[in-house]
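**Student:** If you scroll down you'll find the structure; I have some questions about it.
A short reminder: the numbers here are calculations on the coordinates, not readings from a lab. Just so we're clear, the structure is a prediction, and the values are computed from it rather than from any experiment. All Cβ positions, even for glycine, are placed from backbone atoms using ideal geometry, and neighbour counts span all protein chains on display.
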Amino acid sequence: MQKQELQYIHSFAEYVDRFIKLLIDYSPKMISALVILFLGLYAIRVINRLVKKIMLKRELDPTLSKFLADSLLWALRVLLFISVISKLGIETSSFVAILGAAGLAIGLSLQGSLSNFAGGMLIILFKPFRVGDTIEAQGVIGTVLEIQIFVTKLITGNNQTIFIPNGILSNNVIINYSMQGNRRADLIFSLSYDTNIKVAKDIVMQVMQNHPKVLKNPAPTVVVRDLTDSAIHLSIKPWAKNIDFSEMSSDILEQCKEAFDSAGIVIQPFVREASKG
């Protein structure tokens, strides 16, 4: 009985010696891993706060700011986790391969959504337009109501709501009518060849100069745009603030028509707005 007890004691002592030896051998790695962990967590907090301040200063969309901050936070945590377990001597190649394969699968399955997400970030970062701007894109004209992560929401003049995917929007032509503050109308009157051009131009200039919403600077202009087989095309170019543009354009057309009628100037049977330029 005593012999068996001595064997148990001897075996336990061997296990304790091995544990102490392993602990002594492993403690530098453990201490290094703990140092990396605590320093890494502190650095992640500092970086996260700094990124949030930068995004707040750039006035990024709050939804996008939170998403980007959270994504960066978890990405840094994953990198820290890999660094810690690598310092402990655990093989990380398989773990990294699994993460890479999962990321590739997710990326392929969400390819369209990721394209729209990237487009939304580009729009918010580089600001080709803002909420409230009137833009033309993808064959529609509307006022920007909201820039979401995946789509941009527009409302048209006839109160229709249109959603345009950000991936398509960011990779195609966008005309922003609000960015410069002022906008020029390009209106054309088609007049009879019996018209005295100087008189017609004077009438148009008087109409534009008397209109309260036509800007003095830049000054309005009127020029002969073309001489066709059947008519003189008179190009009228008044400027207005964006908010007054539609009303001003309509008023100028109406008042010029009335002034031409009073002066006996014959208008050919079409009035149109020229291509924007």
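**Student:** Arranged from highest to lowest average of other beta-carbon atoms within 10 Å per residue, in what order do the peptides 117-128, 225-236, 36-47 appear?
**Tutor:** Working: 117-128: 17.2, 225-236: 15.5, 36-47: 13.2.
Peptide ranking by packing, descending: 117-128, 225-236, 36-47.
**Student:** Hey, got a sec? Which chymotrypsin sites (Phe, Trp or Tyr not before Pro) in the range 178-277 land in a DSSP loop and have at most 13 other Cβ atoms within 10 Å?
**Tutor:** Numbers: sites: Phe189, Tyr193, Trp239, Phe245, Phe260, Phe270; in loops: Tyr193.
Within the range 178-277, the qualifying chymotrypsin sites (Phe, Trp or Tyr not before Pro) (loop, at most 13 other Cβ atoms within 10 Å) are Tyr193.
**Student:** Another question, if that's okay. Excluding Ile36 itself, what net charge comes from residues whose Cβ is under 11 Å from its Cβ, given Lys and Arg +1 and Asp and Glu -1?
**Tutor:** Summing Lys and Arg as +1 and Asp and Glu as -1 gives +2.
**Student:** Then there is this: Looking at the P(r) of the range 182-273, how many percent of alpha-carbon pairs lie beyond 18 Å? Before the final figure, lay out the partial values.
**Tutor:** Numbers: 1557 of 4186 pairs.
The proportion of pairs with Cα distances above 18 Å equals 37 percent.
**Student:** While we're on this one: Can you run phi through the Karplus equation (6.51, -1.76, 1.60; θ = phi - 60°) for the range 180-186 and list ³J(HN,Hα) in whole Hz, with x for Gly and Pro?
**Tutor:** Residue by residue, the range 180-186 yields 8, x, 10, 9, 9, 8, 10 Hz.
**Student:** Using modelled amide H (1.01 Å from N, peptide plane; none on Pro or chain starts), what sits under 5 Å from the amide H of Phe150, excluding residues fewer than 5 places away?
**Tutor:** Here nothing satisfies the definition.
**Student:** Another question about this same structure. Step through the residues of the range 191-204 one at a time and calculate ³J(HN,Hα) from phi using the Karplus curve (6.51 cos²θ - 1.76 cosθ + 1.60, θ = phi - 60°), rounding each to whole Hz and writing x for Gly and Pro.
**Tutor:** Whole-Hz 3J(HN,Hα) from phi for the range 191-204: 10, 5, 5, 6, 6, 7, 4, 4, 4, 4, 5, 5, 4, 5.
**Student:** May I ask you to sort Lys29, Lys257 by Cβ crowding, counting other Cβ atoms within 10 Å and putting the fewest first? Intermediate results must be reported in sequence, preceding the final value.
**Tutor:** Numbers: Lys29 12, Lys257 15.
Least to most surrounded, the residues fall as Lys29, Lys257.
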